[in-house]
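The values are calculated or read from the model by the stated rules, or taken from the named source; none is laboratory data. For clarity, every value in this text was computed on a predicted model and none was experimentally measured. So basically every Cβ, Gly included, is an ideal-geometry build from the backbone, and we count neighbours across all protein chains shown.
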Amino acid sequence: MTATSATHPAAQDSTSGAALDASAFPLPQPQLGLLSQIHEDWVAAGRDWTRPGFRAVAVHRFGAWRMTLRSKWLRAPLGILYRALFRRCRNVYGIELPYSVRLGRRVIIEHQGAIVVHGDCVIGDDCILRQGVTLGNRHLDRPRDAPRLGPRVNVGAGAKILGAVAIGADATIGANAVVLRDVPAGCVAVGIPAKLVAKTESSEHGP
């Protein structure tokens, strides 16, 4: 698969070795316990515990938390419970969010259906994902390559972000965009393959 060069001069091809400065994409650092994290997510989701996105995030938090337990005798039954909950979110809600994803705080999954997140993804604080979003792999010979989203990234419905690309803080990914290259902080990416445009050109259309 090949990609057309992006129009923004700050964009870099993630396969060229000249990706954006990694310091611009800090790993999310959870600072709360399990229940506090889930409560914070519940507040971010409008205090509606019935929302599929909130439930998927809560299951993710539980799955990541049980891996911190030292006793395998305690971790094993919790693992069985986690797998059952994960499969329910995947099969019923259409949200696949493995516990291995590095998930920041107050991440919101809007709506439901056809949402797939690679297990090696990093998603920063306050990001928003919508229905039909894929954060996944691009090359079969590099299965561990996965997107890395900075804080407050807004991903529109149906967008695909593929490969080891970095999406900077406060960036917006337009609906149905296919992102194959890094997106600098504060930029908007639209189209197939995605190109960068000024925020003033796309803000009126929303994500």
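Here Pro98 meets each of (1) assigned to a loop (DSSP other than H, G, I, E, B); (2) over 12 Å from the mean Cα position of the chain (by Cα) with one exception, condition (2).
Please go through the range 83-114 and pick out each residue that is out of contact with any helix residue (DSSP H, G or I) (no Cβ under 8 Å at 6 or more places or on another chain) and under 22 Å from Leu180 (Cα atoms). Across the range 83-114, the qualifying residues are Arg102, Ala114. Just one residue in the set Val43, Val117 is among the hydrophobic types (A, V, I, L, M, F, W, C) and surrounded by fewer than 18 Cβ atoms within 10 Å (Cβ to Cβ); that residue is Val43. Among the candidates Arg138, Arg90, the residue that is in contact with a strand residue (DSSP E or B) (Cβ under 6 Å, 6 or more places away or on another chain) and in a helix (DSSP H, G or I) is uniquely Arg90.
Scanning the range 187-207 for residues that are in a strand (DSSP E or B), β-branched (Val, Ile, Thr) and over 17 Å from the mean Cα position of the chain (by Cα), we see that the one that is modelled with the lowest pLDDT is Val197.
Under the condition of being part of a loop (DSSP other than H, G, I, E, B) and either in contact (Cβ under 8 Å) with a residue 60 or more places away in the chain or buried (at least 22 other Cβ atoms within 10 Å of the Cβ) (or both), the residues counted in the range 166-186 number 10. Return yes when Arg138 is of a type in the set (Lys, Arg) and either surrounded by 24 or more Cβ atoms within 10 Å (Cβ to Cβ) or over 13 Å from the mean Cα position of the chain (by Cα) (or both) and no when it is not. The answer is yes for Arg138.
Name, by its number, the condition in (1) in a loop (DSSP other than H, G, I, E, B); (2) on the phi < 0 side of the Ramachandran plot that does not hold for Ile80. The single condition Ile80 does not satisfy is (1).
Looking only at residues of the range 141-156 that are in a loop (DSSP other than H, G, I, E, B) and of a type in the set (Lys, Arg), we find that the one that is farthest from the chain's Cα centre (by Cα) is Arg142. The residue pairs whose first member lies in the range 58-82 and is over 18 Å from Val122 (Cα atoms), whose second member is aliphatic (A, V, I, L, M) and outside any helix (DSSP H, G or I), and whose beta carbons are closer than 6 Å, counting only pairs six or more residues apart or on different chains, are Arg75/Leu69. Taken over the range 46-73, the criterion of being part of a helix (DSSP H, G or I) and farther than 18 Å from Gly33 by Cα is satisfied by Pro52, Gly53, Lys72, Trp73.
Selection over the range 150-165 of residues that are surrounded by fewer than 24 Cβ atoms within 10 Å (Cβ to Cβ) and among the aliphatic types (A, V, I, L, M) gives a count of 3.
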